[in-house]
Structure formats: C-alpha cells, structure tokens
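Reviewing the structure listed below.
Please treat every number below as a calculation from the coordinates, not as lab data. What you see is a predicted model, and the numbers here were worked out from it, not measured in a lab. Don't worry about glycine lacking a Cβ; one is built from the backbone with ideal geometry, like all the others, and counts go over all protein chains shown.
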Amino acid sequence: MPPSALGEIWGSATSKSYHLVSCRYVKKTLKTYRIKFDSAEKAREAGYKPCEVCRPPKGSLRKESAIRVR
C-alpha cells in the first residue's frame, strides 16, 4: 500500500513513537515536538517505534548482514 493511502505519519520527539495523523496522541503532542515523516520506514530508521493505540504500519527495517571473520 503506498504511503499516501495510509495518511500522514507523525512522530513525537518526546516519546520517540510515531502515529497516524488521526491518532489522539498526535493532537495531544505540542506542535514544537511533532515531526512529520515521509513513511513509517523513515520513522523506524530514525529510531521511532509505532504507537500501540493507532497501530500505524511498522515499516521494514533492513538489517545489515554481519560478516564473521575467523
């Protein structure tokens, strides 16, 4: 599903979580602490976690594969 179909993704600089624009916690967050993300993946890359109330998409975090040297 394209990000535009999901609506806007907003983060809170104080809680380090991200939300759908319709979430009650976005409305409670002071504007100075709101951060708009292009996608859920961008929010996760920035270290934010998804809200447990509005349940925005989790986005995918690409884990770098570790190379073991023996």
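Which net charge results when you count Lys and Arg as +1 and Asp and Glu as -1 among the other residues whose beta-carbon is under 13 Å from that of residue 43?
Result for the local shell: +3.
Let me know the charge dipole size of the stretch 3-48 about its Cα centre in debye, to the nearest 20, where only the beta-carbon of Lys, Arg (+1) and Asp, Glu (-1) is charged.
Computed charge dipole of the stretch 3-48: roughly 300 debye.
Net charge around residue 20, counting only other residues with Cβ within less than 11 Å of its Cβ (Lys, Arg = +1; Asp, Glu = -1)?
Residues near residue 20 contribute +1 overall.
Can you tell me the Rg and the Dmax, both Å, for the Cα atoms in the stretch 3-48?
That works out to 9.6, 27 Å for Rg and Dmax.
Name all residues of the stretch 29-47 having a backbone nitrogen under 12 Å from the label point set 7 Å from the Cα of residue 13 along its Cα→Cβ direction, giving them as ranges.
30-36
Hey, can you rank 39-49, 10-20 by average C-beta count inside 10 Å, highest first?
10-20, 39-49
If R₀ is 30 angstrom, what is the calculated FRET efficiency for the pair residue 58 and residue 28, using the beta carbon separation as r and rounding to 0.05?
0.85
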